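Every read-out reported here was derived from the displayed coordinates using simple, explicitly stated rules and does not represent laboratory data. Bear in mind the structure is a predicted one, so any value in this text is a computation, not a measurement. FYI the Cβ positions are ideal-geometry reconstructions off the backbone, even for glycines, and counts take in every protein chain you see.
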Amino acid sequence: MSMSETVAEKADFEMADSEMIDITFSLGGRSLPQAHAYELWRAVARALPWLEAEYSAGILPLRTSASGEGELLPQRARLILRVPIALASQAQALSGQVLDVAGHELTVGEGKQRQLQAHPTLHAHLVTGAREEQEFLVGVAAELRQLGVACKWICGRRMAITGEQPIEGYSLVLHELKPLDSLRVQYAGLGGERRYGCGIFVPYKDIPDLG
């Protein structure tokens, strides 16, 4: 066996060992508090206590619309958990649960597993890091090097999640990703605070030639 084959097999093993999957749940409810990331995690972790020990697990940001009552949920709202694939069956236990999110009741429907697919362009709503943009991007570059990922990126606006303590960072688009690199980024994420939806990457529309 050649050295290149050995390295390839080792990489395949490491990818399989850290593989993640999305569990998509239908969601019944009317609204959520405006700053709901902390409370939503608490509610889900009460239903699935093992989540607290899973640093890599997280909740994808919910799609809501602002109103005088907080954040309104669309009729086809989805709660999406990203968890290690070995824990997928345990995550299904969330189906049928009624969550109390700071007094807002959510009913969780059936969960469906969704394999992560390689896409050349990915987006994260918020990646935690340094306050200054240039310092933030230095950190992003270091994390990507550690993952062995080569790509280009576009830094978006500074974001914050309010709650017990503010979580700050920037939105981030990664593009020109090779298939294996795309999966590495989706499996590992960037930055911290995955439980609150930070650093979780999802497919994004293709970016035209930026020159």
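Here are some notes:
- With neighbours defined as other Cβ atoms within 10 Å of a residue's Cβ, the residues His104, His175 order from fewest to most as His175, His104.
- Normalised by 2.2 N^0.38 Å, where N is the number of residues, the alpha-carbon radius of gyration of segment 14-115 equals 1.06.
- Residues Met159, Met20, arranged from fewest to most other Cβ atoms within 10 angstrom of their Cβ, appear as Met159, Met20.
- Taking other C-beta atoms within 10 Å as the exposure proxy, Trp50, Trp153, Trp41 rank Trp50, Trp153, Trp41 from fewest upward.
- Computed over every Cα-Cα pair of the chain and binned at 10 Å starting from 0, the pair-distance distribution P(r) comes out as 8, 32, 35, 20, 4, 1, 0 percent.
- Assigned charges on the beta-carbon of Lys, Arg, Asp, Glu; segment 122-203 dipole about Cα centre (debye): 220 debye
- For segment 68-136, fraction of C-alpha pairs farther apart than 17 Å, in %: 65 percent
- Sparsely packed loop sites in segment 35-141 (the GluC sites (Glu not before Pro) outside DSSP H, G, I, E and B with at most 11 other Cβ atoms within 10 Å) comprise Glu132.
- Given charges at beta-carbon only (K, R positive; D, E negative), |dipole| of the chain in Debye: 460 debye
- Calculated from backbone phi, Karplus (6.51, -1.76, 1.60) coupling profile of segment 136-143 in Hz, x at Gly/Pro: 4, 5, 4, x, 4, 4, 5, 5
- Equivalent ellipsoid semi-axes - Cα gyration tensor, segment 47-106, angstrom: 24, 13, 11
- Computed 3J(HN,Hα) for segment 45-61, one whole-Hz value per residue from the Karplus formula 6.51 cos²θ - 1.76 cosθ + 1.60 where θ = phi - 60°, is 5, 5, 7, 10, x, 5, 4, 4, 8, 9, 4, 6, 7, x, 10, 5, x, glycine and proline marked x.
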